[in-house]
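The values are calculated or read from the model by the stated rules, or taken from the named source; none is laboratory data. The structure displayed is predicted, hence computed values, not measured ones. Here the Cβ positions follow ideal geometry from the backbone for every residue, glycine too, while neighbour counts run over all protein chains shown.
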Amino acid sequence: MAKKIQAIRGMHDTLPEQTPRWQHLENTICDLLQAYGYDEIRMPVVEMTELFCRSIGEVTDIVEKEMYSFEDRNGDSLTLRPEGTASCVRACMENGLLHNQTQKLWYKGPMFRHERPQKGRYRQFHQVGVETFGQPGPDIDAELICMTARLWPALGLNDIKLELNSLGSSEARANYREKLVEYFTAHESSLDEDSKRRLTSNPLRILDSKNPEMQALNEAAPKLMDYLDDDSRKHFERLCELLDVAGIEYTINPRLVRGLDYYCKTVFEWVTDQLGAQGTVCAGGRFDGLVEQLGGKPVPASGFAMGLERLIALMEDNQVSFPDHTAHAYLVMFGDDAEKLGFQLAEKMRDEVPGLRLVMNCNGGSFKSQFKRADKSNALMAVIIGEDEVSNGTVSLKNLREKSEQQTIQQAELAVHLKEIVRG
């Protein structure tokens, strides 16, 4: 017997009973982004490996440990995208969308990282990302945050809190990096193995350690805010002012550094304690140097990304009500003439009744077997056509969810009855 083939660990099927939840989430996000004037862009799932090495940083965990990279038949090193920002920048540069222009873009789709699967973290996961280009001020940062703040109540979520920080300019961060290396080197005996490795490669990431034994040491470390350049300080102060007037509550977290090397100035995360260790549901900030880093002219940029699996889990944990996609009616037909009439009526009803979800029985069967299928479909109503209905110009209606008498109506009245069912 051939070995049973299963899905790859950390990569999941989304089953029919689950997809309405995804559609609701994606449609809610899409409607919000369109209301703010953002346009969708779609990029390939596979990119040149060099794109992510140059953008994310070769000494990051993503590039060092987590990317799905392979050599294709031409000998090129390709990678399944681990995140969307670098791909979006590449697409904008390649298609001439950045020179003397402003762009407000969004995208959605799967990302891939070889991590240890756990709740809210998978090897294939889905993100919605938003990127803006050509706008250097704190006002666009504030808009991104206000937009995400509006999303949580639209999804029925609460207790999601905003954390802010500023990473400053590359020069300010370099000065801070020296002070941080001095501090952690003086306490090297107290560092865990991961932090010792990062001390020479990416010391700011030590501050993001989840190891409880590192917390006290990190709390006492020098604060990046104390090393900010004047421009970054003014940018951050103005951002806070705009959030204050918008009524957005936030906490300044000096240890918030983000895991990608291209961030500068503003960084932010929306976090919750309802998902265990994977508490970040949305994160972003400014990446003003990334376009130049990838070979273009300097372009100010900012954006964010949110994990859809985490949002779905959060909505389920909060027992959010999802839209009902159950069929309104199931069309039961017995006999050749009934089937022909059923096909005609079904298409007519779909024309005349907006929003109607009508399932038509296929593959024949007795009345008994068709009613079993109708009941299994969870439809609210059975619309029945047999020989008598064909002869009399009628259809019969049977409520499948409540006990009530079956009724017979004229075919011309069917649209009125179905509209009542759709309205609820």
TODO: Please go through the stretch 404-422 and pick out each residue that is surrounded by 11 or more Cβ atoms within 10 Å (Cβ to Cβ) and either in contact (Cβ under 8 Å) with a residue 60 or more places away in the chain or of a type in the set (Ser, Thr, Tyr) (or both).
DONE: Thr408, Gln411, Leu414, Ala415, Leu418, Lys419, Ile421, Val422
- [ ] Working only within the stretch 318-363, note down all residues that are more than 23 Å from Arg373 (Cα to Cα), surrounded by fewer than 13 Cβ atoms within 10 Å (Cβ to Cβ) and either modelled with pLDDT of 95 or more or not hydroxyl-bearing (Ser, Thr, Tyr) (or both).
- [x] Gln319, Asp351, Pro354
Open item on the list: For Glu178, only one of the following conditions fails: (1) surrounded by fewer than 16 Cβ atoms within 10 Å (Cβ to Cβ); (2) in contact (Cβ under 8 Å) with a residue 60 or more places away in the chain; (3) within 30 Å of Asp230 (Cβ to Cβ); (4) charged (D, E, K, R). What is its number?
Closed with: (2)
Open item on the list: Of all residues being of a type in the set (Gly, Ala, Ser) and either under 23 Å from Tyr227 (Cβ atoms) or touching a helix residue (DSSP H, G or I) at 6+ places or on another chain (Cβ under 8 Å) (or both) in the stretch 189-206, which is surrounded by the most Cβ atoms within 10 Å (Cβ to Cβ)? Just the residue, please.
Closed with: Ser195
- [ ] Examine the stretch 16-33 for a residue that is in contact with a helix residue (DSSP H, G or I) (Cβ under 7 Å, 6 or more places away or on another chain) and over 15 Å from Leu311 (Cβ atoms), and state whether such a residue exists.
- [x] no
Task: Criterion: closer than 19 Å to Arg286 by Cα and modelled with pLDDT of 85 or more - qualifying residue of Leu239, Leu204, Leu191, Leu217 - done: Leu239
- [ ] Could you tell me whether Lys403 is modelled with pLDDT under 95, within 29 Å of Pro16 (Cβ to Cβ) and basic (Lys, Arg)?
- [x] yes
Task: Filter result for the condition that a residue is under 30 Å from Leu311 (Cβ atoms) and either polar (S, T, N, Q) or in contact with a Leu (Cβ under 8 Å, 6 or more places away or on another chain) (or both), over Ser404, Ser366, Ser377, Ser391 - done: Ser377
Open item on the list: Return the residues of the stretch 116-134 that are under 19 Å from Gly276 (Cβ atoms) and of a type in the set (A, V, I, L, M, F, W, C); say none if nothing qualifies.
Closed with: Phe125
Open item on the list: Here is a list: Asp375, Asp336. Which entry is under 27 Å from Glu17 (Cα atoms), without any contact (Cβ under 8 Å) to a residue 40 or more places away in the chain and out of contact with any Asp or Glu (no Cβ under 6 Å at 6 or more places or on another chain)?
Closed with: Asp375
Task: Among residues of the stretch 119-164, those that are farther than 20 Å from Gln293 by Cα and either acidic (Asp, Glu) or outside the structural domain of Leu97 (by TED's automatic domain parsing) (or both), counted - done: 5
